[in-house]
Structures are given as structure tokens and as C-alpha cells.
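Data block below; observations after.
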Amino acid sequence: MRSKLVSLKEAVAGFIKDGDRLVIGASLEAAIPFAATFELIRQGKRQLDLIAPISDASADMLIGAGCAGSITGAWVGNVSGGLGHNYRRAMEQGIPHPLKVNDFSNFSLAMALMAGAYGMPFVPVRSLLGSDITQSNPDHKILQNPLSEAPDPVVLVKPLVPDVAIFSVPRSDVFGNAHFWGSLGVVQEAALAAKSVILLADEIVEPAVIASDPNRVIFPGFKVKAVAHEPASQYPSPMTGCWKRDNAFFNDYHQRSRDREGYLAWLEEWVLSQADHAALRAKLGKRLDELRIKGTALAAPANFASE
């Protein structure tokens, strides 16, 4: 096997094109690869379709920077603050430019990724019935359940196949085999549905470490195109067993992004003036060290012996 270890700059430049459909983190509020979000902004990627299974303020930041052309998801905001101000400006005022929304619920989005992962032509759901989502997204089709004689409408949701899924993981080997634990969200579905995967690894380990616990490998290494060694790549979101959430960072972002000028000043300070994620870690200094999880709560050992 050939090593897939590259820098984050190389991964973003080499594997993400303008107009791509991206999943940037999929474990809801944890392990969101903000380092990739910031690098996409620095490289000036444009017209991205952001498939947004929560992913906290990442999508809002990309919208404000002019990187997003559309949102495929249920909500864009700051989990600790509310609706994203950049998202609202884009929808209400077309600032920095108009934004298309492909409307989903969180559940139907997860089901659409599952359909993409398993090559299904569609997936039937009932939870969208009675909502306006079937009107705002014409791709969702209401159909009578052909297996029921009684009236039984279902909504057919098309599969989602991202061009690239980007994940922060606790550890990976150089070949793209990685361990993931904690809240999985829809990481597995997104990884299997995506055409390619980029990993930002908190730690690079020997292949034997990954092979010692195959149950924590939730998608195959052959899906992975690039591995970047980026400690705290999920900052300011948390990572189970590794990093705590920086609530103050999110709150500061929410306050400063209330108007366009405040957002642009925030963007210059925290993203554009930083050469890379290593520079951001250096800027944070002791603040980042204080977020490192120092306690230990190990899982019970599992025996994989065959004899």
C-alpha cells in the first residue's frame, strides 16, 4: 500500500474542486473538521454545495466567506447561539451572494446519505408528511405505498452522493485506516456514500494499532484519498476523549458575526491571517492546552483471539 499522508493544504487543493458537494463532519456537534473549513476559505473555493448534518457554525462561516453556492440540509447556525447570521444575510439580502437551499429534515438527510451509501434509487420516509419540506424541495415525491392496500402515503427521498466527505478522527494510519469513537452521527453513512474521503487525524499510528480493534474502523481505508496529520483539527468543537468544546469561541463568533463588518473582522483575525492550522494552534497557545482532555475512562477490553 502507498502512504496517503499529505498536508491539509495539499488535500484541499488536490481533492476539492469548485462546485463540489461536501460533507464537512457528520457526527453532529462533535469532531467537526473546522481546520478544513478554514483552509477552504483560505484557498477561495467557490460554489460548494454544503451537505450539512448540523456541523455547528462551519457552514455559516463558509457562507459568509463566499464559498457556498448551496446548502443541502435542515438548518444552518451556531448550536450554542441560534440561527447563523451569515446564512440569514445570504437568504434575506443576498450577501455576499444569493444561496440555494435544498430542504431536508435532519432525519431525511441521514436517510438520503444511507441511500447513497447502499446504492438505493430512493428511500421512503413518513416523517416529512404534513411538513412544508415536500413543497420547498420538489425532489421529494409523495407516493402511495405500493405494498399497502389501505391509504398509506410515503415520501420518496433521492440518495445523496457527496463528492468529498471530510472527517476529524482521533487516530489513523498513513493508509487511511482510522479509528472513530463517541457520537457517530452519520459519519459511516456519509463516508460510504461519498466518492472520496479526506481524514484529519489527531494522531498518526502504526497499522497494527488500527488492526488491533477493527470494530472502531467504521469505513474502509480504500475510500480515503488523503490523510493529514492535524492535531485539534476539530477546534473549536469537541472530540470524544481528546478535546473539549471551546464555548467561548462559538459565543464570540456568534456575537461578532451579527453584522457583515464584524464577521469580516473575525474572518481576518481567525482565518485569513493564519497561514495554516499550525499557526492557529500557536495563536491559541495555552487556551488550546486547557481544552485537552486529561482524564481517562477506558472501554472494557475486547478479545479478538481466534484460538
*Consider G84 carefully, then state whether it is in the same structural domain as L192 (by TED's automatic domain parsing) and closer than 23 Å to K17 by Cβ.*
no
*Give the residues of segment 152-169 that are outside any strand (DSSP E or B) and buried (at least 23 other Cβ atoms within 10 Å of the Cβ), sorted by residue number.*
L160, P162
_Name the single residue that is surrounded by the most Cβ atoms within 10 Å (Cβ to Cβ) among those in segment 170-189 being among the aliphatic types (A, V, I, L, M) and assigned to a loop (DSSP other than H, G, I, E, B)._
V186
*For segment 142-156, indicate whether the set of residues that are among the hydrophobic types (A, V, I, L, M, F, W, C) and either under 15 Å from the mean Cα position of the chain (by Cα) or closer than 19 Å to A52 by Cβ (or both) is non-empty.*
no
*Restricting attention to segment 16-28, does a residue exist that is over 27 Å from V224 (Cα atoms) and polar (S, T, N, Q)?*
no
*Residues (touching a Ser or Thr at 6+ places or on another chain (Cβ under 6 Å) and without any contact (Cβ under 8 Å) to a residue 60 or more places away in the chain) located in segment 159-204*: A178, L199, A201
*Quick one: which of P214, P207, P220 is under 30 Å from K158 (Cβ atoms) and surrounded by fewer than 17 Cβ atoms within 10 Å (Cβ to Cβ)?*
P220
_charged (D, E, K, R), surrounded by fewer than 16 Cβ atoms within 10 Å (Cβ to Cβ), in contact (Cβ under 8 Å) with a residue 12 or more places away in the chain and closer than 30 Å to K17 by Cβ: which single residue out of R260, R292 fits that description?_
R260
*Looking at segment 213-229, which of its residues are part of a loop (DSSP other than H, G, I, E, B) and more than 16 Å from the chain's Cα centre (by Cα)?*
D213, V217, P220
*Is it the case that segment 93-100 has a residue that's charged (D, E, K, R), part of a strand (DSSP E or B) and surrounded by fewer than 18 Cβ atoms within 10 Å (Cβ to Cβ)?*
yes
*asked:* Kindly evaluate G44 against the criterion of being surrounded by fewer than 18 Cβ atoms within 10 Å (Cβ to Cβ), of a type in the set (G, A, S) and either modelled with pLDDT of 95 or more or out of contact with any strand residue (DSSP E or B) (no Cβ under 8 Å at 6 or more places or on another chain) (or both).
replied: yes
_Some residue of segment 231-254 being in a helix (DSSP H, G or I), of a type in the set (S, T, Y) and surrounded by 15 or more Cβ atoms within 10 Å (Cβ to Cβ)_ = yes
_segment 227-239 residues that are in contact (Cβ under 8 Å) with a residue 12 or more places away in the chain, paired with ones that are polar (S, T, N, Q) (beta carbon under 7 Å, 6 or more apart)_ = V227/S172; A228/S7; S233/S168; Q234/S168; M239/S168
_Sole exception among (1) part of a loop (DSSP other than H, G, I, E, B); (2) in contact with a strand residue (DSSP E or B) (Cβ under 8 Å, 6 or more places away or on another chain); (3) among the hydrophobic types (A, V, I, L, M, F, W, C) for L147, by number_ = (2)
*Looking for whichever is assigned by TED's automatic domain parsing to the domain that holds K244 and assigned to a helix (DSSP H, G or I) here; the options are A90, A112. Which one fits?*
A90
*Hey, can you tell me all the residues within segment 29-46 that are within 22 Å of S70 (Cβ to Cβ) and out of contact with any helix residue (DSSP H, G or I) (no Cβ under 9 Å at 6 or more places or on another chain)?*
G44, R46
*Answer yes or no as to whether N86 is crowded, with 19+ Cβ neighbours inside 10 Å and polar (S, T, N, Q).*
yes
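The values are calculated or read from the model by the stated rules, or taken from the named source; none is laboratory data. Since this is a predicted model, take the numbers as computed values, not measurements. With ideal geometry, Cβ positions are generated from the backbone for all residues, glycine too; neighbour counts draw on all protein chains shown.
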